[in-house]
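Data block below; observations after.
The values are calculated or read from the model by the stated rules, or taken from the named source; none is laboratory data. Everything quoted here is computed from the prediction, not taken from an experiment. Positions of Cβ are backbone-derived with ideal geometry, glycine not excepted, and every protein chain shown enters the neighbour counts. All accessible areas refer to the heavy atoms of the entire protein, side chains included, with ligands and DNA or RNA removed. Shrake-Rupley method; radii C 1.70, N 1.55, O 1.52, S 1.80 Å.
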Amino acid sequence: MKVNYLMPEFLIDRDEQRCTHCRICVHQCANEAHLWNDKKKIVYGEDQNCVNCHRCVATCPTRALRIRNYPLEYKNNAHWTPHYIKSIFKQANSGGILLAGMGCDRPYPVYWDHLLINASQVTNPSIDPLREPMELKTFLGRKPEKLSFQNGKLAEALPPQVELDIPIMFAAMSFGAISLNAMTSLAMAAKEMGTCYNTGEGGLHSSLYQYGENTIVQVASGRFGIDPEYLNAGTAIEIKIGQGAKPGIGGHLPGEKVGMDVSQTRMIPEGSDAISPAPHHDIYSIEDLRQLIYSLKEATNYTKPVAVKIAAVHNSAAIASGIARAGADIIVLDGLRGGTGAAPLRTRDSVGIPIELALAAVDQRLRNESIRNEVSLVVAGSIRCSSDVVKAIALGADACYIGTAALIALGCHMCQKCYTGKCNWGIATQNPKLTKRLDPEEGAERAANLLRAWSREIKEMLGGMGINALESLRGNRLMLRGIDLSERDLAILGVKAAGE
Amino acid sequence: MNQNITIDAKGIYYRQLNEAIKASLQDKINTIELQNVNGQRYIGAGITNDATISIQGTPGNDLAAYMDGLTLQVYGNAQDGVANTMNKGTIIIHGDAGDALGYAMRGGEVYVKGSVGYRVAIHMKEFQEKVPLVVVGGKAGSFFGEYMAGGILILLGLRGREEQPIVGDYCGTGMHGGIMYIRGSVEEHKLGKEVKPVEMTEEDHQRLALYVGRFAEHFGEDKEEILAQPFTKLIPYNKRPYGNLYVGA
Amino acid sequence: MSLREGEVRIPSGCAISGIMNRKGYLFSGHDIIQSIALMHDRSNGLGGGFAAYGIYPDYADHYAIHMFYEDSFCREETELFINDHFNVEVGGRIPTRKVSSITEAPIIWRYFVQPKAEKVMEMDLEEDEYVARLVMQINAKFPGSFVVSSGKNMGAFKGVGYPEDIGEFYKLDSYKGYLWTAHGRFPTNTPGWWGGAHPFTLLDWSIVHNGEISSYDANRRYIEMFGYKCTLQTDTEVITYLFDLLLRKQGLPLKAVVTAMAAPLWSNIERLAPEERELVKAIRTVYSPLLVNGPFSIILGSRKGFVALNDRIKLRALVAAEKDDFIYVASEESAIREICSNPDRLWSVAGGEPVIGLLEGVEEL
Ligand code: SF4
Ligand code: SF4
């Protein structure tokens, strides 16, 4: 007898007293973890298939369902934890690369949680953000080193800028990786809140052109859906070199997900795999990046800022400096914890560095080279809440991208199975039965609410620091103190220790 | 019986000056004239008494803080922080006044002939029979009536720097109680998001007539002429403007 | 031992005052002392100082270097450096008188100098830039020596004590200038280092300032990209450098500089006429790290005049007045009335609104 070494991860706990065998869970679970026994006329669970996405729990009318970790204890071993044992089982079984969704979930230090924010007491006043002006307006784009005037007028117009009412944008997530309803939700929320969402590398669906002012269009190595209309459709263009979840790795959207809509938007045949190469094959060196940047500027008549997004890796500071000098107007850094639809697990969890350290190093490096003010710096990859945003800005970011947090606002429950295409919340899927679960109007409201709530909290914290315009927090590291950090960490972050 | 005294404040440090005032009041003197006042702080501060003090010159900051009953006549300009947390009494300023006049004032009346600075009547409040009043003859800076919680604030715009509008930005921001009357109209964008202009009622006209009448009397002005122009009445949308702002963590 | 300015950041509150005669008529330091003395309670005896312009007509073309030395060894060391880089016309002790409350004064010296032409050429710099760099070098590299001021026909006089006592100590009643500014300091904690008092100066610029800004590190990290070194870690120092960068090095019009440092709110910018809006928007966009945030009122003095400014939502008081050719600014009205009881015009300055006093015939600071 062939024994399956893999035990279920989760246990579906059905309260038989409450369950009416209404079959709602059977319909709701795309993973087929709830099944119907037609003979006995009962619903039963297939634990093995459950990914703990909470969809059935949330939709069960009698609250009969609970999902638990499978009560299977391994012998304690600090080194050979269940994770590694199970991974080996899986790979021995299949010979496959372990695949995962969302971002790195390993317990590396989260530097946000080791930074504390300042507040004014006596020597200068805190400000009431509810009643006094509190400005979050942010401009992304190249700034000249200085302004010149002629007869009291500007001698030269400013280079193009992305004007944001709040310093938080929705990170690149492509149509294909997420559903059109999810994208539409983000586009509408971005418009409502005066910020931007990002197309990701999957092109721009025709229904989204109307949100152009709030759109950043991405150009990645696969060059999907790129034509002049696309390039001119947004307010800025982002070249994606890498992403935090899988630095150095390309992308692969399986043919099953390439339905008619995705096919049209990406401009590839229906059912064909959409493969993004690991590098851009027109960029093998930094001067090639310059060539690409300027080709995009040329194609858009120098009316759009061009951003370059890289994964935060060991040498980010030097790379960022090169990118700035290559003519990028905005540098986007995506940290170790950045999410994705699908990434090789070992890469996701072990390649790259935390965004906090990368940000601090890049900001300082650009300052050492006296070019920090000429480019904008946007960070992504693990921003979980408004105080993370505040800390990022104080470390030196101009703005943040949120991806995972935005999806959670839309209903994502972090089961990390985005790569299966069976997202029960209608987000990371193209299955029409699932995608219709996300109503774009409702999604937009939830995503906008999240930004609204965070903005209020940011204003609250700014006011506490006696600051009424976000620019005065930008790079203002004196507003931060480190707690429980080594001297080295403090030095890299450029902050003092709490109590100093 | 009327008992008068005159104190020359020239070069006297505020501690000594205020001691002299308090000593005089102890001696039942009910009219004090201070001459050559310049910058001495805390005049009238914390005093419970019905006497009248007239001040020649420029009194310093925190004039009449916590004051409880005195009548102050200021023949000159007043600086910042007049009537801070004042409880009772009357202040008549025959010139301009600075920032944050009437901060957290709970009772009494302040009349300013000229203009006032920023954040005037900030967090002015009322309680039971105590309804504070501030009437400003000139113009006001930004944050006029900021988070005002009660009382009556009247702005006439009769004088002041020509290039300056009658009131600055963020007028009534955070206001959640009390009434504001501004002579003439105020542009929408200047109003805090918590206030709205409403129709004047008969009661409002009577109230204005009463207080503008007192103002006119203090400074020898023409009441009817002042009242001839229409006023804008501002009140808060509701008493708890931030009720929906929070959600339990 | 408590740390001094430069080793730690010491917030402080204060009083400021300034007087100028637009026609350049010279008057003694008596009035400015009177004015700042009136605001005694705004300082706490841990710092006072003055900047005076027009006081050295006999050496008007020389840089007047005022120095503090902790001991004569420091002086000898630093003088070697000074002699190396400048031709010193005269040098000597700055006269002082005994004032009982003023103790532990350093050695206070001044030199009237010209940069050595060959060195200026060798470094390929403008004279002013040459002097500015050397001043920063002395402050950074000669412990125990501190450049108090380095402009032409001007000087700063400061120390630990109440400003009126400092004025008395330096015999300021015996100097005559056309522009005087003064500062009374209320630091929250300082070991009583004379160099930490205000005004802070660089070349002709002098700054007196009230309030603690909350944008300090944003401003500092920006300005340090342009070769400045904020060794004192004080607001005054960083604000001086901001002005120096924008006015002297980048040649921005004063109006643009004021717009950058006390930027109008976006809601107001939106309502400007299109052309003006574009201009202000550009300034705020490009110079956003230079916005000085939090409460402040400052007086920037220069050979050509002064500008006084407070923060855009007016968290610090500032009053101005005019009488004939005189123009006055101070933290409190009474400080002006003390020396000018009956001004022609007196007004309380709005948030972000500059008061500009320029010598006759001068158009930009
Ligand atoms: S996968 Fe989701 S919907 Fe399906 S059983 Fe598990 S928790 Fe319920
Ligand atoms: S997007 Fe969907 S599949 Fe991905 S983690 Fe969230 S709920 Fe799971």
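Can you give the FRET efficiency for A:GLU369 and A:TYR84, using 1/(1 + (r/R0)^6), R0 = 41 Å, r = Cβ-Cβ distance, to the nearest 0.05?
Numbers: r = 43 Å, r/R0 = 1.04.
Rounded to the nearest 0.05, the efficiency is 0.45.
Which FRET efficiency value, to the nearest 0.05, is calculated for A:ASN449 and A:LEU11 with the Förster distance at 45 angstrom and r the Cβ-Cβ distance?
Details: r = 34 Å, r/R0 = 0.75.
Efficiency, from the Cβ-Cβ distance: 0.85.
Of the listed peptides A:328-341, A:416-429, what is their order by residue-averaged count of other C-beta atoms within 10 Å, with the highest listed first?
A:328-341, A:416-429
Excluding ligands, DNA and RNA, what is the accessible area buried between chains A and B, summed over both sides, using a 1.4 Å probe, to the nearest 100 Å²? Write out the running numbers ahead of the final one.
Numbers: alone 23550 and 12100 Å², together 34790 Å².
By this definition, chains A and B bury close to 800 Å².
Keeping the other protein chains in place, figure out the carbon and sulfur percent of the accessible area of chain C, with a 1.4 Å probe. Spell out each step's value before the answer.
Values: 5950 of 12450 Å².
Result for chain C: 48 percent of the exposed heavy-atom area is carbon or sulfur.
Please report the antiparallel percentage of the DSSP beta bridges confined to the protein assembly as shown, to the nearest 5.
Working: 106 of 178 bridges.
Among the beta bridges of the protein assembly as shown, antiparallel pairing accounts for roughly 60 percent.
Quick one: pull the percent of accessible area on segment A:8-72 belonging to carbon and sulfur, 1.4 Å probe, ligands and nucleic acids left out. Display every interim value, and only then the final one.
On the way: 1770 of 3880 Å².
With neighbouring chains kept in place, the figure for segment A:8-72 is 46 percent.
Going by a 1.4 Å probe on protein heavy atoms, which residues of segment A:458-473 end up with at least 50 Å² less accessible surface in the whole assembly than in their chain alone?
A:ASN468, A:GLU471, A:SER472
Could you work out the mean count of beta carbons from other protein chains within 10 Å of each residue's beta carbon in A:353-363? Present the calculation step by step, with values, prior to reporting the outcome.
On the way: counts 0, 0, 0, 0, 0, 0, 0, 0, 0, 0, 1.
Going residue by residue through A:353-363 and averaging, the value is 0.
Using modelled amide H (1.01 Å from N, peptide plane; none on Pro or chain starts), what sits under 5 Å from the amide H of B:ILE91, excluding residues fewer than 5 places away?
Long-range HN contacts for B:ILE91: B:LEU72, B:GLU109, B:VAL110, B:TYR111.
What percent antiparallel are the DSSP beta bridges of segment B:1-115, to the nearest 5?
On the way: 1 of 27 bridges.
In segment B:1-115, DSSP labels about 5 percent of beta bridges as antiparallel.
Using alpha carbons only, how many degrees (0 to 90, rounded to 10) separate the axis of helix B:202-219 from the longest principal axis of chain B?
30 degrees
Could you compute how much accessible area chains B and C hide from each other, both sides summed, with a 1.4 Å probe? Nearest 100 Å² is fine.
Summed over both sides, the interface buries about 1700 Å².
Report which residues of segment C:198-243 become buried by 40 Å² or more of accessible surface when going from the isolated chain to the complete set of protein chains (1.4 Å probe; DNA, RNA and ligands ignored).
Going by heavy-atom accessible area, the residues of segment C:198-243 that drop by at least 40 Å² are C:GLU212, C:SER214, C:ASP217, C:ALA218, C:ARG221, C:MET225.
How much of the accessible area of chain B, probe 1.4 Å, is carbon plus sulfur, in whole percent?
Working: 5060 of 10810 Å².
Heavy-atom surface of chain B belonging to carbon and sulfur, 1.4 Å probe: 47 percent.
Work out the mean other chain Cβ neighbour count within 10 Å for the residues of A:173-186 and drop it here as an integer.
Across the residues of A:173-186, the mean count of other-chain Cβ atoms within 10 Å is 0.
Listed highest first by mean packing, meaning other Cβ atoms within 10 Å per residue, what order do C:235-242, B:161-168 come in? Write down the numbers at each step before the final one.
Working: C:235-242: 27.0, B:161-168: 16.4.
My ranking of the peptides, most packed first, is C:235-242, B:161-168.
Place a point 7 Å from the Cα of B:ASN244 along the Cα-to-Cβ direction; which residues of segment A:418-457 have their backbone N under 13 Å from it?
Of the residues in segment A:418-457, A:449 have backbone N under 13 Å from the label point off B:ASN244.
Counting only heavy atoms of the protein chains, get the accessible area per residue of the protein assembly as shown (1.4 Å probe) and round it to a whole Å² value.
Details: 44640 Å² over 1114 residues.
Dividing the accessible area of the protein assembly as shown by its residue count gives 40 Å².
Considering only segment A:128-497, what is the antiparallel percent among its DSSP beta bridges, to the nearest 5?
Numbers: 8 of 38 bridges.
Given both bridge residues lie in segment A:128-497, the antiparallel proportion sits at roughly 20 percent.
So if I take the centroid of the Cα atoms in segment C:168-184 and the same for segment A:159-185, what is the distance between those two points in Å?
About 60 Å separates the Cα centre of segment C:168-184 from the one of segment A:159-185.
Can you tell me the orientation of helix B:14-26 relative to chain B, as the angle in degrees between its alpha-carbon axis and the longest Cα principal axis, to the nearest 10?
Relative to chain B, helix B:14-26 is tipped by roughly 80 degrees.
Averaging sequence separations of C-alpha pairs under 8 Å and six or more residues apart, then dividing by the length of segment C:19-358, give the relative contact order as a whole percent.
On the way: 739 pairs, mean separation 77.0, N = 340.
The value is 23 percent.
Can you pull out the buried accessible area for chains A and C, both sides counted, probe 1.4 Å, rounded to the nearest 100 Å²? List each step's numbers first, then the result.
Working: alone 23550 and 14990 Å², together 35050 Å².
By this definition, chains A and C bury close to 3500 Å².
Hey, got the average number of other protein chain Cβ atoms within 10 angstrom for residues in B:134-147?
2
Taking each full run of DSSP H in chain C as one helix, which ones are at least 15 Å long along their axis (Cα atoms) and have mean Kyte-Doolittle hydropathy of at least -1.0?
Numbers: long enough: C:72-85 (20 Å, -0.74); C:127-141 (21 Å, -0.33); C:274-286 (18 Å, -0.55).
What comes out of the filter, once short or polar helices are dropped, is C:72-85, C:127-141, C:274-286.
Between A:ALA497 and B:GLU224, what's the calculated FRET efficiency when r is the beta-carbon distance and R0 is 60 Å? Round to 0.05. Write down the numbers at each step before the final one.
On the way: r = 69 Å, r/R0 = 1.15.
About 0.30, to the nearest 0.05.
Work out, in µm²/s and without decimals, the Stokes-Einstein translational diffusion coefficient of segment B:96-242 at 10 °C, 1.306 mPa s, Rh from Kirkwood over C-alpha pairs.
On the way: Rh = 14.7 Å.
For the chosen part, D equals 108 µm²/s.
Could you rank the peptides B:29-38, A:149-158 by their average count of other C-beta atoms within 10 Å per residue, with the highest value first? Provide the component values of the computation, followed by the final result.
Numbers: B:29-38: 19.3, A:149-158: 11.5.
Output ranking for B:29-38, A:149-158: B:29-38, A:149-158.
Cα axis of helix A:316-325 to longest principal axis of chain A: angle in degrees, 0 to 90, nearest 10?
In chain A, helix A:316-325 runs at an angle near 50 degrees to the longest axis.
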